[in-house]
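The values are calculated or read from the model by the stated rules, or taken from the named source; none is laboratory data. All values reported here derive from a predicted model rather than from experimental measurement. Heads up, the Cβs are rebuilt from the backbone with ideal geometry, glycines too, and the neighbour counts pull from every protein chain shown.
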Amino acid sequence: MGLVRGVRLRGATAINVITMVGIGPLITIPLVLAALPGPLSLVAWLAGALVALCDGLVWAELGSRFPGSGGTYGFLRAAFGSAGWRALPAFLFAWQTCFAAPLLLASGYIGFADYAAYLIPGGLAVWQTKALAVAVGVATLLALARGIGAIARTSVALGGAVIVTLVCVIAAAYAHPTVAHPLALGESGAGAWGVVRAGFGAALILTMYDYLGYGQAACIGDEIVDPPRTLPRATVLAVAIVAVLYVALQIGVLRALPWQAILADPNGLGQHVASSIVARAAGAGVAIVVTVLILVTTFASVYGNLLGISRIPYAAALDGLFPRAFAHLQPRLRYPDVALVVIGVLALPACLFPLDQVIAALTTAIVLVQSIAQIVALAVLRARHVRAPYRMLLYPLPALIALAGWGYAFLSAGPAAIGYGLVSLAAGVGAFWVGASARRCR
């Protein structure tokens, strides 16, 4: 007996939404403003939404045709094959997941710990922040050691908390504006194009990181009810919901606080911008309540991420490309326990690194073998006239926009992050060659 189909449209959409909306937009706002000051920051949020929507349509078409555990892993296997060297793209994705997924999870754990300092008089020492981040990672792992039905119900509840949290912050920002003309360019207006050109790449990496997660439900396709219909709808719905919330949030922040003040105090006002807005609008007591909701939202994101990611090495193990132990299912609850524990534990040491370095490294570690690779896979399948139940409109335009967005983000990540992505990818090619040689010798 394999995995259990227990996630319907509401649950699938909730899984995507909670994975997308975590601490990300609330802690990256100052970083986006630093790259694109004032209302120019909206360029990055809108561009990120466009790339997310276009890439989401790639996920939707592939997910409707090849629903299964592992998401991109299954798409690459279907497009390029699973025997011999044809299995290399699928293997590399599963391999890179082991390098990128811990960083993605750690970014949420670090964000949780940083934001929790708002509730502690005097804040937290550095070692306390790191310890709290690790503790959140352990708690997330334990929370997912359950059957998929219970996880789906929890995801719906967490999805509701996510939306309530952002709506509360947005309402507070709009209720008490202090900036008369929040969308005025001011001093940066004369050289706006130059500012956008200089800072767009750095800002786009951050906003695309904030939008990540719209394909998470496709990673648990074997546990989705009616996946050819559910997955495309859940993907598009999630991107639309989150894009509206993110743009409204950024405009609200620009209305509520002078963006110069946020940049001038990155470790105070900047780090806790949402709680500061609520405190000004409704008082310290309400701000504490909203801060707790923000932490719930952060937990929801890492919960959804670890859920989907753990199914990737599981799927690779079923094909014999990963050690067989990763294919083990917990006997009673039927979830991939070994894969869940390994990915969850690998994320813990990554909590010791700075947040901006973690975000840049995870982007380069996965973009070539996930975002770009599955766009190529879709083109290959289309060329073979493989029809999917859902087919994106205006193909290939959305796929090309997604390809351009991800390629630009990769090249903008900086030499250290790009080096991490390329070196880990090269190591994956070597590991595949060693594994293939061992299999031929048996």
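Does ALA438 fit the bill of being modelled with pLDDT of 90 or more, aliphatic (A, V, I, L, M) and out of contact with any helix residue (DSSP H, G or I) (no Cβ under 9 Å at 6 or more places or on another chain)? No; evaluated as a whole, the condition is false for this residue.
If you go through region 311-341 and pick out every residue that is of a type outside the set (A, V, I, L, M, F, W, C), in contact (Cβ under 8 Å) with a residue 40 or more places away in the chain and in a helix (DSSP H, G or I), you end up with 4.
Look at PHE299 and say whether it is modelled with pLDDT of 90 or more and part of a helix (DSSP H, G or I).
On the way: modelled with pLDDT of 90 or more: no; part of a helix (DSSP H, G or I): yes.
So PHE299 fails the test.
Annotation: LEU362 fulfils all but one of (1) in contact (Cβ under 8 Å) with a residue 60 or more places away in the chain; (2) on the phi > 0 side of the Ramachandran plot; (3) aliphatic (A, V, I, L, M); the unmet one is (2).
The set of residues in region 170-198 that are buried (at least 18 other Cβ atoms within 10 Å of the Cβ) and modelled with pLDDT under 85 comprises PRO182, VAL195. When region 253-285 is filtered for residues that are surrounded by 16 or more Cβ atoms within 10 Å (Cβ to Cβ) and either out of contact with any helix residue (DSSP H, G or I) (no Cβ under 9 Å at 6 or more places or on another chain) or assigned to a loop (DSSP other than H, G, I, E, B) (or both), the ones remaining, listed by number, are LEU257, LEU269, GLY270, GLN271, HIS272.
Which of the helices (runs of 4 or more DSSP H) found entirely inside region 1-109 contain at least 1 residues meeting this: over 30 Å from LEU257 (Cβ atoms)?
9-20, 41-65, 72-80
As a summary of the residue check, GLY201 satisfies the conditions (1) assigned to a helix (DSSP H, G or I); (2) at pLDDT 90 or above; (3) not acidic (Asp, Glu) except for the one numbered (2). One residue is enough: does region 37-55 have a residue meeting the conditions polar (S, T, N, Q), over 19 Å from the mean Cα position of the chain (by Cα) and surrounded by fewer than 23 Cβ atoms within 10 Å (Cβ to Cβ)? Scanning region 37-55 turns up no residue that is polar (S, T, N, Q), over 19 Å from the mean Cα position of the chain (by Cα) and surrounded by fewer than 23 Cβ atoms within 10 Å (Cβ to Cβ).
None of VAL341, VAL380, VAL345 is over 21 Å from LEU306 (Cβ atoms) and surrounded by fewer than 23 Cβ atoms within 10 Å (Cβ to Cβ) except VAL380. Output the residues belonging to region 219-246 that are over 18 Å from VAL21 (Cβ atoms) and either in a helix (DSSP H, G or I) or in contact with a Phe, Trp or Tyr (Cβ under 6 Å, 6 or more places away or on another chain) (or both). Within region 219-246, GLY221, ASP222, GLU223, PRO227, PRO228, ARG229, THR230, LEU231, PRO232, ARG233 qualify.
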